Each structure stands twice: as structure tokens, then as C-alpha cells.
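A short reminder: the numbers here are calculations on the coordinates, not readings from a lab. Being a predicted model, the structure only gives us computed values, none of them experimental. A quick note on method: Cβ atoms are made from the backbone with ideal geometry, for glycine too, and the neighbour counts reach across all protein chains shown.
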Ligand SMILES: [Zn+2]
């Protein structure tokens, strides 16, 4: 099969790779229908040191089950499935608490120790298939791919940001970041009843989509100016719920600056920093800090019906579709911000 590898910053290639095989009786092999490039894939794309052996890439996929191990009971060959960006057994104490990203037997894709490759490939071995995969009911046609694929990561991640922040009816919410996850956080906040949603982002096509998803205000300014603008929009108090969907330190500092006294900062952008403000600017407002890797597996069944009946249209975040062989261009387009989110057709 063909699969995507990264060999260092800016060096992504599609190569011939061994076909994935059933290793454990709990595995399934899924033929990938669509995968995509994630904002978090850009972190190694920016900074991975030269890696001559290469690393597989991709963690978001929908596809059709091709083969199952002897112990797999919930999916069968021919089923159309959504795979979350981490695999999990569905039975350990953390899975039972809907914290599948901390599963005692799970891991993330592209974990060589677990023998998992990447999703930007023609096929993938899915460990712990019963805990991991969600079968899509009914007939799936091509027009549904984009929406379903968001349930693999970005929609569930945006939803997690909003849920962890406790967004509820009538809330004022600020979302930092106009990438796919930020826009999904806007959609999620709207679905959870937020009345006012301030989107911080400066890319006009993206913030326009954010308005479509429910943003009531857009703040293009950053840093101190951005903070001042949000305070001005909120009567000087700040936002009760701040959803941070970037992962860089300035975004976190912005979150600390715009959170209302007694408010919550919920982070889902993978932090690219180890140290940040925790002193008086944070403490003085009785701020709560939460968030982390989204257990998207916990949310798929809940979010799926609105995607299937079209009441939610998260698939609009995909603005480019490419063949697997074009993946270097896909990364370059996401990196250059000429594409919001790139869908990959193996
Ligand atoms: Zn588990």
C-alpha cells in the first residue's frame, strides 16, 4: 500500500509500505476512505529533526472494515466506520469515565512500540477495534464523508473544549484560534447554548465560516490589543468560558488576559510550551484551567445524529481535497494557510 512518512521538517513523502496485518485477535484492518491533514501534523512539519528512517503520519480516518481478528465483536467486514485519533479498549477505568485518551491499554496512532502506522495511508491496522471503532448506521455516500471525518478529531476536540469549559445556555464564550478546531469549538459552543461567541482570528475566510457556525463577534487583534478588544466587548469583565485552540504560548497568554473573574480556560491546542503564566494575573481572578487531549471516542455517538441528518455541518471546514500522492502539497497548503483543512483521498 501507499503510506505517508515524514523524514524531517518540511519533508513529507508518500512511499510503498507493507500492507497492515492482523497482529492481535482484537485488531481490525480498515481500508481508508478519507483521511486528512491536522493542524497538529504541522508541529513535526516545522520542527522534526532529520529522521532517516521516517515516521508514519496521520491520525484521522473514516473507512470500511476489511478484516477482523477472532475476538472482534462490534464491527464486521464491510462496515463503514469512524476511527478516533487514539485507540482504546473501552473497558478500563479511564474509558468507563469517558477519558479514552488515558486508556490503560490505548495509545495514539503512529506509535511504533504499538505497531500502529498512520492514517494518511491506504489502509490501517486498528488495535482494540471493539473499543475504538464506531460503525456508521445506514448507507454512507460520498456527500457525508467530510462531516463524518470531523468526528475523528476536530469536531470532538472542539466539543471537548466547550464541554470542559462547562459552556451552557446564555454563556459568553471566547474562542482563540480560527483553525479547524477553533471553528469546531465555535459550533460546539453554539450547540451547547452559548449566547455570545467571540472568535479570535484574523483569517477572513475562516472567521466568516466561524460566523456561519455561530460566532457573534470576531476579534482580529492579537496580544494586548486583542485582550483589550475582548474586554471592551464584555463590559470590561472578559469571557466566562475561554476555549484555547492553538497551543502556542501567546494564545495561552491571551486566554489568561481575557478570562472573566471566576471563569474557565479550556485548552485543546497541543501546548508547544512548558511554562506559562500561573502567577497573580491567573490566580488573582480565581481562574480554572482545564482541557487536554480530547477523548473524541466519548463523543462520536452523541455528535453523529446531527451530522447524519445535516443539522450540524462540521464538514464545511474541509476546503481542499487531494489524492494521497499529493500529500506534500497538502501539508504545504495547510502550512501556508492557503487551505483550512485538507481531506485526503487514498
Ligand atoms: Zn481503556
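Rounded to the nearest 10 degrees, the inclination of helix 154-164 to the longest alpha-carbon principal axis of the chain is 50 degrees.
Hey, what angle do you get for helix 223-233 against the long axis of the chain, alpha-carbon based, 0 to 90 degrees rounded to 10? Relative to the chain, helix 223-233 is tipped by roughly 70 degrees. Dividing the Cα radius of gyration by the Kirkwood radius, what Rg/Rh value follows for the stretch 158-291? Result for the stretch 158-291 is an Rg/Rh of 0.92.
Between residue 71 and residue 135, full extension at 0.36 nm per residue minus the direct alpha carbon distance yields a gain of 21.4 nm. When the Debye formula is applied to the Cα atoms of the stretch 101-142, each taken as the same point scatterer, what base-10 log of I(q)/I(0) results at q = 0.22 Å⁻¹? Each listed q maps to, in turn, -0.86.
At an R0 of 35 angstrom, the distance between the Cβ atoms of residue 16 and residue 280 translates into a FRET efficiency of 0.05. If both residues of a DSSP beta bridge must be in the chain, then about 55% of such bridges are antiparallel.
Here the residues 29, 265, ranked from fewest to most Cβ neighbours within 10 Å of their Cβ, fall in the order 29, 265. In this simple spin-label model, placing a label point 7 Å from the Cα along the Cα-to-Cβ direction at both residue 43 and residue 204 gives a separation of 3.2 nm. Seen against the Cα atoms of the chain and their longest principal axis, helix 180-191 is set at about 70 degrees. Could you work out the relative contact order of the chain? I mean the mean sequence separation of Cα pairs under 8 Å and 6+ apart, divided by the number of residues, in percent. Reported relative contact order: 18 percent. Per residue, the chain reaches -7500 deg cm²/dmol at 222 nm when only DSSP H runs of four or more residues are counted, each adding -39500 (n - 2.57). Taking other C-beta atoms within 10 Å as the exposure proxy, 188, 266, 98 rank 98, 266, 188 from fewest upward. Using 0.36 nm per residue, how much length does the chain from residue 168 to residue 301 gain when fully extended, once their Cα-Cα distance is taken away? Additional length available on full extension: 45.8 nm. Whole-percent P(r), the chain, all Cα pairs, 20 Å bins from 0: 32, 57, 10, 0. Label positions at residue 104 and residue 142, each projected 7 Å from the Cα along the C-beta direction, are separated by 4.6 nm. Take the alpha carbon gyration tensor of the stretch 237-340, find the square roots of its eigenvalues, order them as a ≥ b ≥ c, and report rounded if a/c is under 1.5; if not, report prolate when a/b exceeds b/c, else oblate. Since a/c reaches 1.5 but b/c is at least a/b, the shape of the stretch 237-340 is classed as oblate.
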